[in-house]
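S.K.: Pasting a structure here, questions to come.
The values are calculated or read from the model by the stated rules, or taken from the named source; none is laboratory data. The model shown is predicted, which means the values in this text are computed figures rather than measured ones. Cβ atoms come from the backbone with ideal geometry, glycine included; neighbour counts cover every protein chain shown.
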């Protein structure tokens, strides 16, 4: 018997302003139980529209969304109980302490007497000493962690993180990912949207890429990377690149990155650079990462 | 028809009560002080000139009016300001992602509005009763009208909180609708002292019946029968609640 998907999007569309703006256009995919799934796309691609429909913050213009088989409109109570959503915006209720905030959030779901779980959440997220601090006294990164705790306090089997690490410092990001990865190992399905592609590459088993409201790629992360297994040449230079090479290069300040398909092509690029008198330093040859794949897909995807 | 599911409503109700209780100086203390100032100014200037219903001292007449006005305004303020603050700061999202039904939202917000209204009303009563103790002819009417009036205003506050997108829209609702209706409802005078036209206009104001019925509980006399007032306030409560529940069910201006 096939498993019920953790989240199922079926032909979801969303239009605004009487149909003039189409934010989502027939999006369909399933996220399996226990999966760590990444949803990537540039700003305005429709990621947040999709998450909002899933969370019940907005309504689809067409199609349906189910969480563990529960429709998010017709059976919204069961669907929302199964979901823990970390919203993108850094919001908080200034009237309450961290512990009060978490108790209240659990209570909305009919969950009471969860102080042990709250303590565990706080210590896993490095907030143990802030339990009784008012929300207003916390730094941005701490507020972000409280948002994560709020999403998890009713023990949902499906976790949705909408750009959870924006504005969070590196150390904190590590703490957060260790914790989310642990929950994933324990069986929670995780849907992650992020701008940090290295995070998606490190964490997600499968990835979908959205562009202009449509899915333009959906595959296992490893297949996405190996399917386009190009070699990447990275080096620093103070010179302008010769024209034949500049077209394929991605330049950030002094650092240039050029894609090559095999060793012969690497050799030919280096020869061209040498021939043009373009001195290079810190040469590295590596495999393409998710950012390369992302840019390639986004640049080549349907317009 | 979906069942009336109230799971989680108790938590939201407690949170809404805690929200105003934590700033009680502003949410209870300030309106009590305002009411006392009204009493001092109007009571002092008019005390020797006016008798109401033939025998009731003006200050004694004024006190229940001020109490009820405070109940109504604060019940409205609680639901409306809580909602608009949550909408503008964005923390309404914490509620929107929960399984709470529209009935649960309604019961919690209106319930907390009633508690705030009664708390302020009781505060005004305790502070002003020493100036001229009004009677206590029919206490049940006092309780019924206080609770029903606060509930009606809580539901109206919910509607205003859902509708308003900015603080100045909320202020407009409060200053151009709620304030005139409360001031012109017979808080400061018996409507029978008005010329016929304004008497008729007052009778079209639902706030008049809330205050008149409430006052009946103290003096045993009123401008209209408390049963008529109860009928009108009851119908208004059901109508306003119906609108509030429907807006919540649809997610009016909160789910897009």
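S.K.: Give the number of residues within region A:200-222 that are surrounded by 19 or more Cβ atoms within 10 Å (Cβ to Cβ), closer than 25 Å to residue A:155 by Cα and either out of contact with any strand residue (DSSP E or B) (no Cβ under 7 Å at 6 or more places or on another chain) or outside the structural domain of residue A:41 (by TED's automatic domain parsing) (or both).
M.R.: 0
S.K.: Kindly provide the set of residues from region B:69-98 that are within 14 Å of another protein chain (Cβ to nearest Cβ), within 30 Å of residue A:78 (Cβ to Cβ) and touching a residue at least 12 places away in the same chain (Cβ under 8 Å), ordered by number.
M.R.: Residues satisfying the conditions are B:82, B:83, B:87, B:92, B:95, B:96, B:98.
S.K.: In this structure, does residue A:56 turn out to be at the interface with another protein chain (Cβ under 10 Å from one of its Cβ atoms), without any contact (Cβ under 8 Å) to a residue 24 or more places away in the chain and on the phi > 0 side of the Ramachandran plot? Reasoning before the result, please.
M.R.: On the way: at the interface with another protein chain (Cβ under 10 Å from one of its Cβ atoms): yes; without any contact (Cβ under 8 Å) to a residue 24 or more places away in the chain: no; on the phi > 0 side of the Ramachandran plot: yes.
When the stated conditions are applied, residue A:56 does not pass them.
S.K.: Still on this structure, please answer the following. Take residue B:141 and decide whether it is assigned to a helix (DSSP H, G or I) and either over 27 Å from residue B:198 (Cα atoms) or within 14 Å of another protein chain (Cβ to nearest Cβ) (or both).
M.R.: So residue B:141 does not fit the description; no.
S.K.: I've got another one for you. Exactly one condition in (1) touching a residue at least 60 places away in the same chain (Cβ under 8 Å); (2) closer than 24 Å to residue B:144 by Cβ; (3) buried (at least 19 other Cβ atoms within 10 Å of the Cβ); (4) away from every other protein chain (no Cβ under 14 Å) is false for residue B:53; which is it?
M.R.: Result: residue B:53 passes all but (3).
S.K.: Given the structure, is residue B:23 in contact with a strand residue (DSSP E or B) (Cβ under 9 Å, 6 or more places away or on another chain), more than 26 Å from residue B:213 (Cβ to Cβ) and within 14 Å of another protein chain (Cβ to nearest Cβ)?
M.R.: On the way: in contact with a strand residue (DSSP E or B) (Cβ under 9 Å, 6 or more places away or on another chain): no; more than 26 Å from residue B:213 (Cβ to Cβ): yes; within 14 Å of another protein chain (Cβ to nearest Cβ): yes.
Here the answer is no, as residue B:23 does not meet what is asked.
S.K.: Only one residue in A:48, A:15 is assigned by TED's automatic domain parsing to the domain that holds residue A:168, surrounded by fewer than 23 Cβ atoms within 10 Å (Cβ to Cβ) and within 16 Å of the chain's Cα centre (by Cα), so which one is that? Talk me through it step by step, then tell me what you get.
M.R.: Values: A:15 fails: within 16 Å of the chain's Cα centre (by Cα).
Only one candidate qualifies: A:48.
S.K.: Step by step: first the residues of region A:79-90, then only those that are assigned to a loop (DSSP other than H, G, I, E, B), in contact with a helix residue (DSSP H, G or I) (Cβ under 9 Å, 6 or more places away or on another chain) and touching a residue at least 24 places away in the same chain (Cβ under 8 Å), then the one that is farthest from residue A:158 (Cα to Cα). Which residue is that? Please lay out each step first, then the result.
M.R.: So the first thing to find is which residues in region A:79-90 are assigned to a loop (DSSP other than H, G, I, E, B), and the list is A:82, A:87-90.
Within this subset, residues satisfying the condition of being in contact with a helix residue (DSSP H, G or I) (Cβ under 9 Å, 6 or more places away or on another chain) are A:87-90.
Cutting the leftovers down to touching a residue at least 24 places away in the same chain (Cβ under 8 Å) gives us A:87-88, A:90.
On the way: A:87: 14, A:88: 17, A:90: 21 Å.
Applying the filter and picking the extreme gives A:90.
S.K.: Is it the case, given these coordinates, that residue A:279 is buried (at least 17 other Cβ atoms within 10 Å of the Cβ) and touching a strand residue (DSSP E or B) at 6+ places or on another chain (Cβ under 7 Å)? Full working, then the answer.
M.R.: Details: buried (at least 17 other Cβ atoms within 10 Å of the Cβ): no; touching a strand residue (DSSP E or B) at 6+ places or on another chain (Cβ under 7 Å): yes.
No, not satisfied.
S.K.: State the number of residues belonging to region A:84-125 that are surrounded by 17 or more Cβ atoms within 10 Å (Cβ to Cβ), over 21 Å from residue B:14 (Cα atoms) and facing chain B (nearest Cβ under 7 Å).
M.R.: 2
S.K.: Now for a separate question. Name the residues in region B:95-116 that are in contact with a helix residue (DSSP H, G or I) (Cβ under 6 Å, 6 or more places away or on another chain), part of a helix (DSSP H, G or I) and farther than 20 Å from residue B:239 by Cα, would you?
M.R.: B:115, B:116, listed by residue number.
S.K.: Now for a different question. Looking only at region B:190-205, which residues are within 21 Å of residue B:153 (Cβ to Cβ) and either out of contact with any helix residue (DSSP H, G or I) (no Cβ under 8 Å at 6 or more places or on another chain) or at pLDDT below 90 (or both)? Step through it out loud before you land on a result.
M.R.: Within region B:190-205, the first condition is being within 21 Å of residue B:153 (Cβ to Cβ), and the residues that meet it are B:191, B:201-205.
Across region B:190-205, the qualifying residues are B:191, B:201, B:202, B:203, B:204.
S.K.: What number of residues within region B:220-251 satisfy the criterion of being within 14 Å of chain A (Cβ to nearest Cβ) and either part of a loop (DSSP other than H, G, I, E, B) or on the phi > 0 side of the Ramachandran plot (or both)? Show your work before the answer.
M.R.: Let us first name the residues in region B:220-251 that are within 14 Å of chain A (Cβ to nearest Cβ), namely B:248-251.
In the following step, the residues that additionally are either part of a loop (DSSP other than H, G, I, E, B) or on the phi > 0 side of the Ramachandran plot (or both) were identified as B:251.
Residues flagged as within 14 Å of chain A (Cβ to nearest Cβ) and either part of a loop (DSSP other than H, G, I, E, B) or on the phi > 0 side of the Ramachandran plot (or both) within region B:220-251 amount to 1.
S.K.: From the list B:12, B:46, B:37, exactly one residue is modelled with pLDDT of 90 or more, more than 17 Å from the chain's Cα centre (by Cα) and away from chain A (no Cβ under 14 Å). Which is it? Spell out how you get there, then give the answer.
M.R.: Details: B:12 fails: away from chain A (no Cβ under 14 Å); B:46 fails: modelled with pLDDT of 90 or more.
Only one candidate qualifies: B:37.
S.K.: Residue B:62: more than 14 Å from chain A (Cβ to nearest Cβ) and assigned to a helix (DSSP H, G or I), yes or no? Show your work before the answer.
M.R.: Working: more than 14 Å from chain A (Cβ to nearest Cβ): yes; assigned to a helix (DSSP H, G or I): yes.
Answer is yes for this residue.
S.K.: Taking residue A:42, is it away from every other protein chain (no Cβ under 13 Å), modelled with pLDDT under 95 and either crowded, with 16+ Cβ neighbours inside 10 Å or outside any strand (DSSP E or B) (or both)? Don't jump to the end; show me each part of the working.
M.R.: Working: away from every other protein chain (no Cβ under 13 Å): yes; modelled with pLDDT under 95: yes; either crowded, with 16+ Cβ neighbours inside 10 Å or outside any strand (DSSP E or B) (or both): yes.
Spelling it out, residue A:42 is indeed away from every other protein chain (no Cβ under 13 Å), modelled with pLDDT under 95 and either crowded, with 16+ Cβ neighbours inside 10 Å or outside any strand (DSSP E or B) (or both).
S.K.: Residue A:136 - would you say it is in contact with a helix residue (DSSP H, G or I) (Cβ under 9 Å, 6 or more places away or on another chain), within 14 Å of another protein chain (Cβ to nearest Cβ) and farther than 22 Å from residue A:34 by Cα?
M.R.: No.
S.K.: For region B:125-157, name all the residues that are surrounded by 24 or more Cβ atoms within 10 Å (Cβ to Cβ) and modelled with pLDDT of 95 or more.
M.R.: Of everything in region B:125-157, those that are surrounded by 24 or more Cβ atoms within 10 Å (Cβ to Cβ) and modelled with pLDDT of 95 or more turn out to be B:145, B:146, B:149, B:150, B:152, B:153, B:154, B:155, B:156, B:157.
Results for (1) under 29 Å from the mean Cα position of the chain (by Cα); (2) closer than 16 Å to residue A:156 by Cα; (3) not assigned by TED's automatic domain parsing to the domain that holds residue A:176, shown as yes or no for each residue.
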{"residue": "A:92", "(1), (2), (3)": "yes, no, no"}
{"residue": "A:96", "(1), (2), (3)": "no, no, no"}
{"residue": "A:103", "(1), (2), (3)": "yes, yes, no"}
{"residue": "A:107", "(1), (2), (3)": "yes, yes, no"}
{"residue": "A:112", "(1), (2), (3)": "no, yes, no"}
{"residue": "A:117", "(1), (2), (3)": "yes, yes, no"}
{"residue": "A:121", "(1), (2), (3)": "yes, yes, no"}
{"residue": "A:131", "(1), (2), (3)": "yes, no, no"}
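S.K.: Before we move on, is residue A:146 at pLDDT below 95, buried (at least 22 other Cβ atoms within 10 Å of the Cβ) and farther than 24 Å from residue A:34 by Cβ?
M.R.: Numbers: at pLDDT below 95: yes; buried (at least 22 other Cβ atoms within 10 Å of the Cβ): yes; farther than 24 Å from residue A:34 by Cβ: yes.
Spelling it out, residue A:146 is indeed at pLDDT below 95, buried (at least 22 other Cβ atoms within 10 Å of the Cβ) and farther than 24 Å from residue A:34 by Cβ.
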